[in-house]
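Engineer: Before I ask anything, here is the structure I am working with.
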Amino acid sequence: MPFPRVGYGYRLTAPARQLERYEFSSLEPQTDEVVVEVAGCGVCHTDVGFAYDGVPTRAPLPLTLGHEISGRVVAAGERAQAWGGRDVIVPAVIPCGDCAACRAGQPSICRRQFMPGNDGDGGFATHVRVAGRGLCPVPQDLPAGITLDLLSVVADAVTTPYEAIRRSGLGTNDVAVFVGVGGVGGFGVQIAAAFGAAVVAIDVDQSRLELASQHGASLAVNAGSQSEKDLKAAVRAFAKESGRKGIGLKIFETSGTTAGQTTAFGLLDPGGYLAVVGFTPKKVELRLSNLMALDATARGNWGCPPERYPDALALVLDGKVVLHPYVERHSLDEAPAVLEAVARHEIRKRAILVPDDMAQQ
Ligand SMILES: [Zn+2]
Ligand SMILES: [Zn+2]
């Protein structure tokens, strides 16, 4: 297993500046770390937030962005030897496993967590060095049509809605509503359908709605072409017709836009549940007392605990969550242009950056 002594990546040197290519050498793992040869790294709107929207990274710049990483372990420290040579998905949030929050079973809020591309260099690179714990093993023999690079999006775009859905207690009695069915929401729709719920997809993009209808959604509603009142009425009518007896809609805000957050909050009904999955640094004006009046719940989740990754991955490997229609590959060398295009909403699918030597395999 040759470990190249020179790799390269694309790093953010200052806010709003184009990513800069740089080379690095001798990426040596510490005793409890591994070096992963990146197969693919998904581009997330959180990366756009760091680069263009004034969201500060926790580690100082310059910093290599990218927290949606899959690849092969090509070097392992003394205490991480078990990972040597294995294909893995690197969790977007790697908790320390040892602090009060971790011990209390809330690893997502671990203060000593490591998020690649935020707490240290991330996956917009040929190689990345991460902790040798919490990694999600990927089988060597993958089902037809699934490749290791595609599985990078499991690290965040699949597992984050997965954890939101799990926390909501969604089941076969429920109606799930997804506001925003791009990458994250499109996977959410499929996961909710796999959990047995009746699923509603809401978006302003007709092509996304059609895709959601093909993959898990029983009702697709274009929020751009009707009033909020009509939207509510359509969702309520569907919930009634679905015959699901669960109390309260389970609503998942997966657009990460102020319009989507406003729509999602407005859909809350008595006993309803709102999961905030998408991220925007912008503010919205809401009548928060609706939560009290409706005895409703609103909840967020910062990523997904690593121990749940295998269950989320299983949904993909079993064909219950399909990745292909929602992702597109780009060469790692296009990283600066791809990030800009994602920021301008010119790339409709989840972009995956693939180092060239991997793309040619
Ligand atoms: Zn992300
Ligand atoms: Zn911890």
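Engineer: What's the number of the condition Tyr52 fails, among (1) over 21 Å from Gly278 (Cα atoms); (2) within 15 Å of ligand 1 (Cβ to nearest atom); (3) open to solvent by 20 Å² or more (accessible area, probe 1.4 Å); (4) not β-branched (Val, Ile, Thr)?
Structural biologist: Single failed check for Tyr52: (1).
Engineer: Report those helices (runs of 4 or more DSSP H) wholly inside region 185-272 carrying at least 3 residues which are out of contact with any helix residue (DSSP H, G or I) (no Cβ under 8 Å at 6 or more places or on another chain) and open to solvent by 60 Å² or more (accessible area, probe 1.4 Å).
Structural biologist: The helices (runs of 4 or more DSSP H) meeting that bar are 206-214, 228-242.
Engineer: Quick one: how many residues across region 58-75 are within 16 Å of Leu19 (Cβ to Cβ), surrounded by 20 or more Cβ atoms within 10 Å (Cβ to Cβ) and over 16 Å from the mean Cα position of the chain (by Cα)?
Structural biologist: Result for region 58-75: 2.
Engineer: Among the listed residues Glu334, Glu307, Glu340, identify the single one that is under 19 Å from Cys136 (Cβ atoms) and part of a helix (DSSP H, G or I).
Structural biologist: Result: Glu307 is the single residue among Glu334, Glu307, Glu340 that is under 19 Å from Cys136 (Cβ atoms) and part of a helix (DSSP H, G or I).
Engineer: Considering only residues that are open to solvent by less than 20 Å² (accessible area, probe 1.4 Å) and more than 16 Å from ligand 1 (Cβ to nearest atom), look in region 76-94 and name the one that is nearest to Thr31 (Cα to Cα).
Structural biologist: Restricting to residues being open to solvent by less than 20 Å² (accessible area, probe 1.4 Å) and more than 16 Å from ligand 1 (Cβ to nearest atom), the top hit is Gly77.
Engineer: Which of the residues belonging to region 95-119 are more than 14 Å from Pro306 (Cβ to Cβ) and within 16 Å of ligand 1 (Cβ to nearest atom)?
Structural biologist: Correct list: Gly117, Asn118, Asp119.
Engineer: So, one more: So which of Val181, Val154 is crowded, with 23+ Cβ neighbours inside 10 Å, on the phi < 0 side of the Ramachandran plot and in contact with a Leu (Cβ under 6 Å, 6 or more places away or on another chain)?
Structural biologist: Selected residue: Val154, the only one of Val181, Val154 that is crowded, with 23+ Cβ neighbours inside 10 Å, on the phi < 0 side of the Ramachandran plot and in contact with a Leu (Cβ under 6 Å, 6 or more places away or on another chain).
Engineer: Continuing with the same structure: Here are some conditions: (1) touching a helix residue (DSSP H, G or I) at 6+ places or on another chain (Cβ under 8 Å); (2) more than 16 Å from ligand 1 (Cβ to nearest atom); (3) open to solvent by 20 Å² or more (accessible area, probe 1.4 Å); (4) of a type in the set (A, V, I, L, M, F, W, C). Leu288 meets all but one. Which one does it not meet?
Structural biologist: Every condition holds for Leu288 apart from (1).
Engineer: Just need a number here: residues in region 273-301 that are of a type in the set (A, V, I, L, M, F, W, C) and either closer than 20 Å to Ser227 by Cα or not in a loop (DSSP other than H, G, I, E, B) (or both).
Structural biologist: So the count comes out to 9.
Engineer: Also, quick follow-up: Could you figure out which of (1) touching a residue at least 40 places away in the same chain (Cβ under 8 Å); (2) open to solvent by 90 Å² or more (accessible area, probe 1.4 Å) isn't true of Lys282?
Structural biologist: For Lys282, the failing item is (1).
Engineer: Then there's this: Checking the condition closer than 15 Å to Leu274 by Cβ and at pLDDT below 95, which residue from Gly256, Gly224, Gly188, Gly180 passes?
Structural biologist: Sole residue among the options that is closer than 15 Å to Leu274 by Cβ and at pLDDT below 95: Gly256.
Engineer: Next up: Could you list all residues from region 31-49 that are within 13 Å of ligand 1 (Cβ to nearest atom) and open to solvent by less than 40 Å² (accessible area, probe 1.4 Å)?
Structural biologist: Selection gives Cys41, Gly42, Val43, Cys44, Thr46, Asp47, Val48, Gly49.
Engineer: Are any residues in region 311-331 assigned to a loop (DSSP other than H, G, I, E, B) and loosely packed, with under 14 Cβ neighbours inside 10 Å, and if so, which ones?
Structural biologist: Listed by number, the residues that qualify are Asp318, Gly319.
Engineer: Of the numbered conditions (1) on the phi > 0 side of the Ramachandran plot; (2) open to solvent by 10 Å² or more (accessible area, probe 1.4 Å); (3) among the small types (Gly, Ala, Ser), Ser108 fails exactly one; give the number of that condition.
Structural biologist: Result: Ser108 passes all but (1).
The values are calculated or read from the model by the stated rules, or taken from the named source; none is laboratory data. Every value quoted in this text rests on a predicted model; they were computed, and no experiment measured them. Don't worry about glycine lacking a Cβ; one is built from the backbone with ideal geometry, like all the others, and counts go over all protein chains shown. All accessible areas refer to the heavy atoms of the entire protein, side chains included, with ligands and DNA or RNA removed. Shrake-Rupley method; radii C 1.70, N 1.55, O 1.52, S 1.80 Å.
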